[in-house]
Amino acid sequence: MSTPRFSVVLPTKGRSFLVGHAIRSVLAQTAPDLELIVTDNDDGDATRQAVQAFRDPRLRYVRTGGLNMQDNWEHGAAQATGEYLLILEDKQMLKLTALAQLTSHIEKLQPEVLRWRSDSFDDAIFPSRVRRGKVDGSVRMTSSDVLLAAFLGDLDKSYKTTLPLPQLACVHRSLLQRIKAGPMQRLFHPVSPDVVLALLMLNEAESVCEIDSPLVLYVSSLHSNGRSLTQKQGETGRQFLRQLPGGESDCYDLVPIKCISVCSVYNDFQRTRLKVGGRLAQHELNWIKYFLDCYQWMLGPMSAGVDMTPTLREWERALSEQPSAVQQSVREALAVRRLAVPSALDIARKQFIRKSGADRLVRWCKHLYRGRFKQDPEWRFTDAISYYEWECEQIRAATNSSPPE
């Protein structure tokens, strides 16, 4: 049996209502040289039954069950035999020509790592809508040092726009083997297994092929472990914390602010840097960016009425212990960006708007005008699958191809 070009690993747990869409999007790829490995980390039968609905020799189902997230991802990657590894989340769908586009770039540039953009479906609001990022379609090789410097120091960029996160990237198996032979001995680590692997890839690879086009669609923003952990503080997030080797402190033991936030990615950087050295040791975290990002992250939950007072107090405490130059630069950056804690009146006003349904009425009007009249795809669809199928139809019409039987 020949080695496939791509191994797509689909780790999942308790999302049988989503995983079928992800599977279908992989098996429908116009570049069929692939294998798909579903690692089911649940103890029930719903996901298994969803997978059994597909009959395709390229699909393999592996029951794990009871593992933490990083071990489930690791187990799936260990099953892969392809030249390049992709991690596809169960709330993602691959765009119809995603693997065909990757094949073209691989043949031209021979990169060890490729990363791309995504579109998303916002089902955290009603009516839901598509959000398509601003992209220019360019393809370029970017040095790992440039990406690390932007991640750690550029105040206008986030880890999602700089790091080759494995759910938005693919990586050659030779690079994966070098990582596993290094100090970390494996690919996926807590707290954020995707962030840590991205850092390990940048540590080993000289450059990354950046594709400024969306190759995946997130079909749900509601079903997110990160959202449960840092915003809703839901049971999924609490369960995740219980599975960490060092408990909650694994999220912040090497950074000043001692509480849960999305800025645990910087703690992951500090920990990984200490363990592997190499290129990571040549880069330092800009603490101004760290405090700015943590502050900006708090504003969203605050505006939604979540009590972030303890987190804000911890932020103030940690900042007060920094050198005066850092404190001043952080305050100045907040002022320039006009970032401030929303007032009680602003929060009450937004809550009134949500409870009265005025925000829904406005969105419905936009759906009617921008979607039906202006035919804007971002407002035309109120469910992710309809949008995905419409986009596939557009691609087939442009290439004069037919859907698979």
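The values are calculated or read from the model by the stated rules, or taken from the named source; none is laboratory data. All values reported here derive from a predicted model rather than from experimental measurement. No Cβ is skipped: glycine too gets one built from the backbone with ideal geometry, and neighbour counts run over all protein chains shown.
Check whether at least one residue in segment 354-370 is surrounded by 11 or more Cβ atoms within 10 Å (Cβ to Cβ), on the phi < 0 side of the Ramachandran plot, at pLDDT below 95 and polar (S, T, N, Q), and report yes or no. No: zero hits. Restricting attention to segment 164-186, the residues that are of a type in the set (Gly, Ala, Ser) and surrounded by 24 or more Cβ atoms within 10 Å (Cβ to Cβ) total 1.
Residue-level check: of (1) touching a residue at least 24 places away in the same chain (Cβ under 8 Å); (2) outside any helix (DSSP H, G or I); (3) more than 30 Å from Gly305 (Cα to Cα), Glu391 misses just (2). For segment 360-377, the tally of residues that are under 16 Å from Phe126 (Cβ atoms) and touching a residue at least 12 places away in the same chain (Cβ under 8 Å) stands at 5. Listed by first and then second residue, the pairs with beta-carbon distance under 7 Å, at least 6 apart or on different chains, first residue in segment 270-290 and of a type in the set (A, V, I, L, M), second in a loop (DSSP other than H, G, I, E, B), are Val276/Gly182; Val276/Pro183; Val276/Met184. Taken together, the residues in segment 105-126 that are among the acidic types (Asp, Glu) and either free of Cβ contacts under 8 Å to residues at least 24 places away in the same chain or not in a loop (DSSP other than H, G, I, E, B) (or both) amount to 3.
Is it the case that some residue within segment 325-345 is at pLDDT 95 or above and touching a Pro at 6+ places or on another chain (Cβ under 7 Å)? Taking every residue of segment 325-345 in turn, none turns out to be at pLDDT 95 or above and touching a Pro at 6+ places or on another chain (Cβ under 7 Å).
Test Ala340 against the criterion of being of a type in the set (Gly, Ala, Ser), more than 11 Å from Ile257 (Cα to Cα) and in a loop (DSSP other than H, G, I, E, B), and give yes or no. So Ala340 passes the test.
Kindly evaluate Glu332 against the criterion of being more than 28 Å from Arg132 (Cα to Cα), assigned to a helix (DSSP H, G or I), within 27 Å of the chain's Cα centre (by Cα) and of a type in the set (D, E, K, R). So Glu332 fails the test.
Residue count for segment 63-94 under the criterion of being of a type outside the set (Asp, Glu) and either under 13 Å from Val8 (Cβ atoms) or touching a helix residue (DSSP H, G or I) at 6+ places or on another chain (Cβ under 6 Å) (or both): the result is 18.
Please go through segment 152-175 and pick out each residue that is part of a loop (DSSP other than H, G, I, E, B) and more than 19 Å from Glu112 (Cα to Cα).
Matches in segment 152-175: Asp154, Leu155, Asp156, Lys157, Ser158.
If you go through segment 176-226 and pick out every residue that is in a loop (DSSP other than H, G, I, E, B) and free of Cβ contacts under 8 Å to residues at least 40 places away in the same chain, you end up with 2. Looking only at residues in segment 187-211 that are within 14 Å of Trp116 (Cβ to Cβ) and in contact with a Lys or Arg (Cβ under 8 Å, 6 or more places away or on another chain), the one that is surrounded by the most Cβ atoms within 10 Å (Cβ to Cβ) is Val208. Annotation note: Cβ proximity below 7 Å between a residue of segment 301-326 that is loosely packed, with under 11 Cβ neighbours inside 10 Å and a residue that is not hydroxyl-bearing (Ser, Thr, Tyr) (sequence gap 6+ or interchain) occurs for Glu321/Pro256. Of all the listed residues (Ser174, Ser138), the sole one being among the hydroxyl-bearing types (Ser, Thr, Tyr) and farther than 30 Å from Thr399 by Cβ is Ser174. The residues of segment 365-389 that are among the hydrophobic types (A, V, I, L, M, F, W, C) and more than 25 Å from Lys91 (Cα to Cα), listed by number, are Cys365, Leu368, Phe373.
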